[in-house]
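A short write-up of the structure that comes next.
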Amino acid sequence: KTIPGVVDLKDDYDLGKPEVRVVINREKAALFNLNTSTIANSVRTAINGTEASKFRILQDEYDIVVRLEKDQRSSVDILKDLPIVYNFMGKVYCVPLITVADLEYSTGPGAINRKDLKRMVTITGNVDENYNANAVLSDVMKSLENYQLKQGYFINFGGQNEEQEEASKFLSKAFFIALFGIFLILVVQFNSFAQPMLIMFAVIISLIGVFLGQIAFQMPFGIVMTGIGVISLAGVIVNNNIVLVDYINILLKRGMTVKEAVVQAGIRRFRPVTLTALTTVLGLIPLTFGFGFDVATFAFKNGGEDAQFWRSMGVAVIFGLTFGTVLTLIIMPVMFSVVDESKMAIKDTITHWKIKIKK
């Protein structure tokens, strides 16, 4: 209740009704040669009753239940003096209940809620619209870090937190499976491991643009929508890099040097790569910021109702793609040249040592 942003706080704990508990003293019961079953059955018969027989009238049948009268069942003093009748070694004995048991006043649970066979009490609440849900949840977790619970009890966070964890696991698996599938296809296409690794590295670096966008708009990293945006971004970045790398390979086959090929490919592929990124970014701006045109009134609208929902994904794709385009046209050719020079240096070193070994 003291944490800012928490509203509509409530729980499902039921205080229940007052009850009288009969706690059997096993040592005293043993002295009278009594067992707990006999005592429990006697109390149950007195309060709830026991079916003794049936009464039939024509085709109708009624149960005959034996128990104490109503005024006696509501008296604790009479319950204390309830005679426990039992048979031992062929003789019948009678002992008052208070002799072998204690009566305690307590409150029993009115309703017991369980999850996975474990008792639980659920505390629910909402977040004020002026606060961030993840920030409020973080404050709640911090406030309960040092909360002392009795042995056997524990606190588990569900609701939105549980849903985000499940979504995070699913999207993480989807992202890495997608990257792995793309990598295998690129290996087959380029017949190389180095070039697909460069393209995968470009996808990872493009995430910097996603984080810059989140910082610029002061938005939290939404697990679901931002995650979907990252997966979508990976496909576009891979496509742009394939266009560039494939053309570099074509120029290399025509006899150009690596330096000439990367420069020429950057110039020739500048327009398609830029147009791909530009059309995607421009197409996402209305969805992200809520710009729209109402056909009924022929008027432009700003800040649609769905803008808040899609903004996290849109910002991730827009900034990630903008950063990834610069990465594709500038950093990727440099990395391609460095990798090629490294491969040549390794080949020269291996050849040098082979010659020495032969000599």
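The values are calculated or read from the model by the stated rules, or taken from the named source; none is laboratory data. For clarity, every value in this text was computed on a predicted model and none was experimentally measured. Ideal geometry is used to build each Cβ from the backbone, glycine not excepted, and the neighbour counts take in all protein chains shown. In case anyone asks, the SASA skips ligands and DNA or RNA and just uses the protein heavy atoms, side chains included. Shrake-Rupley method; radii C 1.70, N 1.55, O 1.52, S 1.80 Å.
List of remarks:
- Residue ID - most open to solvent (accessible area, probe 1.4 Å), chosen from residues in the range 39-56 that are closer than 17 Å to Val23 by Cβ and within 51 Å of the chain's Cα centre (by Cα): Arg44
- In the range 99-126, the residue that is farthest from Gly5 (Cα to Cα) out of those that are touching a Leu at 6+ places or on another chain (Cβ under 8 Å) and at pLDDT 85 or above is Val100.
- Tallying residues that are of a type in the set (Ser, Thr, Tyr) and either in a loop (DSSP other than H, G, I, E, B) or open to solvent by 100 Å² or more (accessible area, probe 1.4 Å) (or both) within the range 70-86 yields 2.
- Helices (runs of 4 or more DSSP H) within the range 195-287 that include 2 or more residues farther than 29 Å from Glu165 by Cβ and open to solvent by 30 Å² or more (accessible area, probe 1.4 Å): 223-253, 258-268
- Of all residues in the range 177-193, those satisfying the criterion of being surrounded by 13 or more Cβ atoms within 10 Å (Cβ to Cβ) and among the small types (Gly, Ala, Ser) are Ala178, Ser192.
- Scoring Val23 on the criteria (1) in a helix (DSSP H, G or I); (2) surrounded by fewer than 11 Cβ atoms within 10 Å (Cβ to Cβ) leaves a single failure, condition (1).
- Inspection of the range 79-98 identifies at least one residue that is within 20 Å of Lys17 (Cβ to Cβ) and out of contact with any Asp or Glu (no Cβ under 8 Å at 6 or more places or on another chain).
- Unique residue being more than 26 Å from Lys17 (Cα to Cα) and part of a loop (DSSP other than H, G, I, E, B) when the list is Tyr131, Tyr153: Tyr131
- Look at the range 226-238: where a residue is within 19 Å of Val326 (Cα to Cα) and a partner is outside any helix (DSSP H, G or I) and among the polar types (S, T, N, Q), sitting 6+ places away or on another chain with Cβ atoms under 6 Å, you get Ile237/Ser206.
- One residue from Asp102, Asp63 being among the acidic types (Asp, Glu) and either open to solvent by less than 80 Å² (accessible area, probe 1.4 Å) or in a helix (DSSP H, G or I) (or both): Asp102
- Residue match in the range 87-96 (condition: in contact (Cβ under 8 Å) with a residue 60 or more places away in the chain and either within 30 Å of Gly5 (Cα to Cα) or outside any helix (DSSP H, G or I) (or both)): yes
- Taken together, the criteria exclude Val127 from residues that are within 21 Å of Leu34 (Cα to Cα) and open to solvent by less than 100 Å² (accessible area, probe 1.4 Å).
- Selection of the range 134-150 for residues being open to solvent by less than 60 Å² (accessible area, probe 1.4 Å) and either in contact (Cβ under 8 Å) with a residue 24 or more places away in the chain or part of a strand (DSSP E or B) (or both) yields Asn134, Ala135, Val136, Leu137, Val140.
- Residue in the range 105-115 that is open to solvent by 90 Å² or more (accessible area, probe 1.4 Å) and closer than 30 Å to Ala133 by Cα present: yes
- Check on Thr124, within 24 Å of Pro18 (Cβ to Cβ), assigned to a strand (DSSP E or B) and among the β-branched types (Val, Ile, Thr): no
- In the range 26-38, residue surrounded by the fewest Cβ atoms within 10 Å (Cβ to Cβ) [restricted to those that are charged (D, E, K, R) and over 51 Å from the mean Cα position of the chain (by Cα)]: Glu27
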